Amino acid sequence: MAAGTIVSRLTGFLRTLVMAAAIGIGTLNDSYQVANTLPTMIYVLVGGGALNAVFIPQLVRAMKEGDGEAYANRLLTLVVVLLGGVTSICVLAAPLLIPMMSAKFASDPHTIDVAVAFARYCLPTMFFMGIHVVLGQILNAHGRFGAMMWTPVLNNLVVIATFGGFIWAFGSFTASGVSPANITPEGVRLLGIGTLLGLAVQALAMLPYLREAGFKLRLRFDWKGQGLGKAAGLAKWTFLFVLANQFGMIVVTQLATWAGAIAEKQGYSGTGITAYNYALLLWQMPQAIITVSVMTAVLPRISRSAHDGDTAAIRDDISYGLRTSAVAIVPSAFAFLALGVPIASLLYAGSGAGARGVGYVLMAFGLGLIPYSVQYVVLRGFYAYEDTRTPFYNTVIVALVNATASAMCFAVLPPRWAVVGMGASYGMAYAVGVGVAWRRLRKRLGGDLDGQRIRRTYARLISASIPAALAGGAVALLLSSNLGGGALASLASLTGGSIVLGGLFFLAAKRMRVEELNTLVAMIRGRMH
């Protein structure tokens, strides 16, 4: 799972690099980002959140009762019908949906036209998102976790080829200066169709894995009295959960696109929603590689423990998930804070000063990775009990804090720094959410969540990371100031800073006897031998 996620994230980074080379990281890319984010938001709102939060526990129970395949086929049929209808409506409503995401686009006829055109190609991807998730969860329930992690690589490769074809046909951004005002309809069509094709390939690539698992795929419309009503009842809170989360995203998108457009006119590129999304993608990589992989395997076990009433086992698994993921999450958070600018400057070297804008946003996200990862693990405990109401209330708090803090950043900070402030607001909101979620889960399980052991592990990891980040950041700054700008200087700064930061962290963590680190090292050595 981790290997598939690593390759997926790496190709995802390459995808953003090719995108930046093709259409820059300014207003044109902002319009593409909004159009490409819109179907994800709608998909998660109308069913995606319920699938992830409710489907696995329900499927585990159905499989224990011997009716797993029939239940899965009924749910798959329901998703096909629901998303097919929603997709059709949304494609027609694209001119209304884009201004809801970014009012600033509506003030520029070229930008709004391009964004709507992108949206009409991108919106059908929500249908294939749903198919991919359902098929992947079926495989997860059969103990086959790899396919869901690997198939997004195919999507990334298709999109990379699409934007590479755009560069071949129309030239790179630095050479063509493409913008919403001069991009051709053929160029928009190429990028839109390629984006849609990528998701279609990702979803359809799951079919051979299902056949290998012995699952017989067929449409079933006998929904009544088969347990889907119970899932729908649970899903209402998940819908509200997602609605609250999407509210926060819409506020950030509106403010970030507005600030980016103003800053670009002032001569500062890479300060809008594209910079925010690119930094977010980099920032989430450790979470996707470690935390999600660990909890994807642990969640079915937690669900079974909840079904059996074994609260001690749930506490142990939550503690295991938090402590195991922390070994990678904590130093990664400090590494983003110390080395954010060299990372972005190396990856987006062709974007000039705009790359530094991405780097500043990445630094602002930095330490928020710790509470972001902790909340992900803690909420799995509620989902195991089919409790979707508590995560909803928790997400309302996070969304309100994020939206309020982001609005304050937009109002107080200069446009070029507004999105940087929004990155810091994101992590701060999750820090507030973790405090609320932790107390509620501890009360739900009727005792301490192995808190002393967890706090000790995090305290030691943070203590090891602080001096390592200071030293690594100082080395990177020294190298960049002496070598000047450019990709080679960024590479040297990042390499030198990473070696110092990683080496000092490892030595300090070993000296502090962080058990989880020793376990991880022993596992790696065992695999190498």
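The values are calculated or read from the model by the stated rules, or taken from the named source; none is laboratory data. Quick caveat: nothing in here was measured; it's all calculated off a predicted structure. Backbone-built Cβ (ideal geometry, glycine too); neighbour counts: all protein chains shown. Note: accessible area is taken over every heavy atom of the protein model, side chains too, but ligands, DNA and RNA are not part of it. Shrake-Rupley method; radii C 1.70, N 1.55, O 1.52, S 1.80 Å.
A compact table of results
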{"quantity": "Failed item, numbered, when R144 is tested on (1) more than 19 Å from the chain's Cα centre (by Cα); (2) in a helix (DSSP H, G or I); (3) in contact (Cβ under 8 Å) with a residue 40 or more places away in the chain", "calculated": "(2)"}
{"quantity": "Selected residue [in contact with a Phe, Trp or Tyr (Cβ under 9 Å, 6 or more places away or on another chain) and in contact (Cβ under 8 Å) with a residue 24 or more places away in the chain] from V500, V432, V475, V436", "calculated": "V436"}
{"quantity": "Check on R356, open to solvent by 20 Å² or more (accessible area, probe 1.4 Å) and closer than 17 Å to L17 by Cβ", "calculated": "yes"}
{"quantity": "Qualifying positions in the range 303-343 - in contact with a Gly (Cβ under 8 Å, 6 or more places away or on another chain) and modelled with pLDDT under 90", "calculated": "T311, I314, R315, I318"}
{"quantity": "Answer residue from the range 293-311, given it is of a type in the set (G, A, S) and part of a helix (DSSP H, G or I) and is surrounded by the most Cβ atoms within 10 Å (Cβ to Cβ) among those", "calculated": "S303"}
{"quantity": "Residue within the range 186-193 that is open to solvent by 30 Å² or more (accessible area, probe 1.4 Å), at pLDDT 85 or above, within 20 Å of T125 (Cα to Cα) and touching a Gly at 6+ places or on another chain (Cβ under 7 Å) present", "calculated": "yes"}
{"quantity": "Search result, residues across the range 197-211 that are part of a helix (DSSP H, G or I), crowded, with 20+ Cβ neighbours inside 10 Å and aliphatic (A, V, I, L, M)", "calculated": "L199, A203"}
{"quantity": "Selected residue (criterion: least open to solvent (accessible area, probe 1.4 Å)) from residues of the range 364-393 that are without any contact (Cβ under 8 Å) to a residue 60 or more places away in the chain and of a type outside the set (D, E, K, R)", "calculated": "L379"}
{"quantity": "Boolean, G270 is closer than 25 Å to F13 by Cβ, assigned to a helix (DSSP H, G or I) and modelled with pLDDT under 90", "calculated": "no"}
{"quantity": "Sole residue being surrounded by fewer than 24 Cβ atoms within 10 Å (Cβ to Cβ), in contact (Cβ under 8 Å) with a residue 12 or more places away in the chain and aliphatic (A, V, I, L, M), chosen from A344, A349, A338", "calculated": "A349"}
{"quantity": "Residue, modelled with the highest pLDDT, within the range 502-519, restricted to residues that are in a helix (DSSP H, G or I) and either open to solvent by 70 Å² or more (accessible area, probe 1.4 Å) or touching a strand residue (DSSP E or B) at 6+ places or on another chain (Cβ under 9 Å) (or both)", "calculated": "L504"}
{"quantity": "Residues (under 26 Å from L154 (Cα atoms), open to solvent by 30 Å² or more (accessible area, probe 1.4 Å) and not basic (K, R)) located in the range 107-123", "calculated": "A117, Y121"}
{"quantity": "Neighbours by Cβ (under 7 Å, 6+ apart or cross-chain): first from the range 72-95, touching a residue at least 60 places away in the same chain (Cβ under 8 Å); second open to solvent by less than 30 Å² (accessible area, probe 1.4 Å)", "calculated": "A72/L59; A72/I138; R74/L228; L75/F55; L75/V134; L75/L228; L76/V134; L78/L228"}
{"quantity": "Among the residues listed as I329, I314, I318, I290, the single one being assigned to a helix (DSSP H, G or I) and open to solvent by 20 Å² or more (accessible area, probe 1.4 Å)", "calculated": "I290"}
{"quantity": "Residues of the range 434-444 that turn out to be hydrophobic (A, V, I, L, M, F, W, C) and open to solvent by 10 Å² or more (accessible area, probe 1.4 Å), as a count", "calculated": "3"}
{"quantity": "Matching entry among V44, V81 (being at pLDDT 85 or above and open to solvent by 30 Å² or more (accessible area, probe 1.4 Å))", "calculated": "V81"}
{"quantity": "Condition check for V412: more than 19 Å from V330 (Cβ to Cβ) and touching a Ser or Thr at 6+ places or on another chain (Cβ under 6 Å)", "calculated": "no"}
{"quantity": "Hits in the range 148-181 - residues which are open to solvent by less than 30 Å² (accessible area, probe 1.4 Å), without any contact (Cβ under 8 Å) to a residue 40 or more places away in the chain and assigned to a helix (DSSP H, G or I)", "calculated": "T162, G165"}
{"quantity": "Flag if I131 is open to solvent by less than 10 Å² (accessible area, probe 1.4 Å) and closer than 30 Å to K216 by Cβ", "calculated": "no"}
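For every residue, the table says whether it meets (1) out of contact with any Pro (no Cβ under 8 Å at 6 or more places or on another chain); (2) among the aliphatic types (A, V, I, L, M); (3) crowded, with 21+ Cβ neighbours inside 10 Å.
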position: V412; (1), (2), (3): yes, yes, no
position: W417; (1), (2), (3): yes, no, no
position: G446; (1), (2), (3): yes, no, no
position: A459; (1), (2), (3): yes, yes, no
position: A476; (1), (2), (3): no, yes, yes
position: N482; (1), (2), (3): yes, no, no
position: A489; (1), (2), (3): yes, yes, no
position: A492; (1), (2), (3): yes, yes, no
position: I499; (1), (2), (3): yes, yes, no
